[in-house]
Amino acid sequence: MKFIDDLPRFAFFTGKGGVGKTSLACATAVKLAEAGRRVLLVSTDPASNVGQVFGIRIGNQITAVPEVPKLWAMEIDPQAAAQGYRDRIVGPVRGVLPADVVQGIEEQLSGACTTEIAAFDEFTGLLTDASLVQRFDHVIFDTAPTGHTIRLLQLPGAWNSFLEAGKGDASCLGPLAGLEKQRAQYKAAVEALADPARTRLILVARAQASTLREVARTHEELARIGLTRQHLVINGVMPAAEGADDPLAAAVVQREQAALAAMPEVLGELPMDQVPLKAFDLVGLAALRQFLDAAAPLGEAASAAPDAPLSAPTLAQLVDDLAAPGHGLIMVMGKGGVGKTTLAAAVAVDLARRGMPVHLTTSDPAAHLAETLASQMEHLTVSRIDPHVETQRYREQVLATKGKNLDAQGRALLEEDLRSPCTEEIAVFQAFSRIIREAGRKFVVMDTAPTGHTLLLLDATGAYHREIARQMSGSGVHFTTPMMQLQDEARTRVLITTLAENTPVQEAAALQDDLRRAGVEPWAWVVNNSVAVTRTQSPLLRARAARERPFIEAVAQQHARRYAVVPLMAEEPVGVDRLRALVSRSA
């Protein structure tokens, strides 16, 4: 494996949830330790379960892994780190600043940006700790420091005075308020990240077109800020031999190879490794030792796989219930790579097939709804919101209003803040808000993922909802804001999409928690691309089906009020006919 060769002291495994970066980080740590190197494995991913992988309890202290003498590990809890970070920032200003200002800071510190920065705050200390350089040959990080986070850490100071002066209440200024005190440590950490002699970034992806597009964006974002020495690892590639006697496995092989052949050009320039799909659970040393071995056997799971497919509620049943009111807003949410664009299109197509007017819209620049549908359909209107256009419009609006009376330094800070991903989320959601009113007379199906953090910003600090409510209070005039419609389940149905794997399920649960904090209750979950509900004869896929069952059970019993399971399809669900089949074949 090229990514392990001549590995420098620090290695970061970064990637979206469910691509296998925790397994790769753990397997790499074991391989290096058993080669005689002293290794520290650090996780900041709440879904990584490093302790579970090794079968020991690991906390926020450096802990020896008993069965691997030269390996130590620690787990940083991002939520605990974020709470401590919030307390350090908000504590000193309580009783000093007005209560509404303190509340505004707390709201801005409630979201993903704060958690991201707080976790980075924890491990920057590890990057700059001289004693670790002496104690360990390698420090392996299972985390995902994005270009957004690192760019924030590079900014000049005066955030506290900027915030307290009331000049900034945009998307990410709250988290920035506490950065000034540790600028020297952050500067040293960023320098270490950008030094290829000290750090290697390992981008982890799956052989899927959407995932490869996302990792290409991550690569470019990191490269723009100087983190250019990157390696690409394509994880979980279906072995070609599995397709010899099973049509489903053969279709997966063909699909993955086509995605790899058409991967973005910028990725083709990177050193690349492929890790084949394994059937065994990546828990315990035996599994980790086999993980990076291309010749490893399937494992015992294949023989234990059940013969009968899992019986579970279908997408067709969900669509029957969705269709009952005759109109409404349907929002399909989920992390990248789980297939929400395809599911949104399938739901819209099936509703239109019933003769109901439907507007299907997306904000995902990689979604390519037109390609997914491949043709026009009666009763179905399709649109795409261009995030770049909407974000530019939003930036100009903010600079013309909030930035109008700022001095040069204040305007520069505001402009930098407006380049954050949070800005795009808000801008896109505002564009969606203009479409929401159509749901009173037709179905509006949205392929999007506005997080609970975005909804809170719009509700609590985004002025629109509260300002309208203030103006209309006591007037006797009925009014409805977009936020109120999202919070009304009679008008809005939220579908959370996931895969039957550990990390995607945990990330979907976290998304559900965020939405609930914003007063939005998800209506149903959809488990997509499941092997457990197919009749595959591939030993590898049958073993994977057995592994999926506990996660589907967790969705059914712990997370969702109602749910459906959609099978992995032999044919790519592209085109109206195949999208209709995605619903009908799940019946």
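What follows draws every value from the coordinates through simple rules; no lab data is involved. If you're wondering where the values come from, they're calculated on a predicted model, not measured in any experiment. Virtual Cβ from ideal backbone geometry, glycine too; neighbours counted across all protein chains shown.
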| remark: Scalar couplings 3J(HN,Hα) for region 534-544 by Karplus 6.51 cos²θ - 1.76 cosθ + 1.60 (θ = phi - 60°), nearest whole Hz, x for Gly and Pro, are 9, 10, 4, 10, 5, x, 5, 5, 5, 5, 5
| message | Give me a comma-separated list of calculated 3J(HN,Hα) values for region 330-341, in order, Karplus coefficients 6.51, -1.76, 1.60 applied at θ = phi - 60°, integers in Hz, x for any Gly or Pro. | response | 10, 10, 9, 10, x, 6, x, x, 9, x, 5, 4
| field | Across 70/187; 70/278; 31/335; 2/187; 21/278, pairs whose alpha-carbon gap is larger than 19 Å | value | 70/187; 70/278; 31/335; 2/187
| message | I need the phi-derived Karplus couplings for region 26-42: 6.51 cos²θ - 1.76 cosθ + 1.60, θ = phi - 60°, integer Hz, Gly and Pro marked x. | response | 5, 5, 5, 4, 5, 4, 5, 5, 6, 8, x, 8, 8, 10, 10, 9, 10
| note | Fewest to most Cβ atoms within 10 Å: 31, 340, 404, 187 sort as 404, 187, 31, 340
| message | For the pair residue 106/residue 5, report the inter-label distance in nm, with labels modelled 7 Å from Cα in the Cβ direction. | response | 5.5 nm
| field | Per-residue Cβ neighbour rank within 10 angstrom, fewest leading, 411, 395, 535 | value | 535, 411, 395
| said: I need the calculated FRET efficiency for the pair residue 320 and residue 381, taking r as the beta carbon distance and R₀ as 25 Å, to the nearest 0.05. | reply: 0.65
| query | What are the residues whose amide H is under 5 Å from the amide H of residue 528, where those residues sit 5 or more places off or on another chain and H is modelled from the backbone? | reply | 498, 499, 500, 566
| task | May I ask you to derive the FRET efficiency for residue 133 and residue 35 from their Cβ-Cβ distance with R0 = 22 Å, giving the value to the nearest 0.05? | result | 0.70
| note | If the chain between residue 87 and residue 311 were fully extended at 0.36 nm per residue, the gain over the current Cα-Cα distance would be 75.9 nm
| query | Which cross-chain or sequence-distant (5 or more) residues have an amide H under 5 Å from the amide H of residue 310, H modelled 1.01 Å from N in plane? | reply | 533, 534
| With labels modelled as points extended 7 Å from the Cα through the Cβ direction, what inter-label distance (nm, one decimal) is found for residue 99 paired with residue 572? | 5.8 nm
| said: Using Cβ contacts closer than 10 Å as the measure, can you line up 211, 128 from fewest to most? | reply: 128, 211
| message | If amide hydrogens are placed 1.01 Å from N in the peptide plane, which non-local residues have theirs closer than 5 Å to the one on residue 494? | response | 331, 523, 524
| note | Distance in nm between residue 535 and residue 254 label points, each 7 Å along Cα→Cβ, equals 2.0 nm
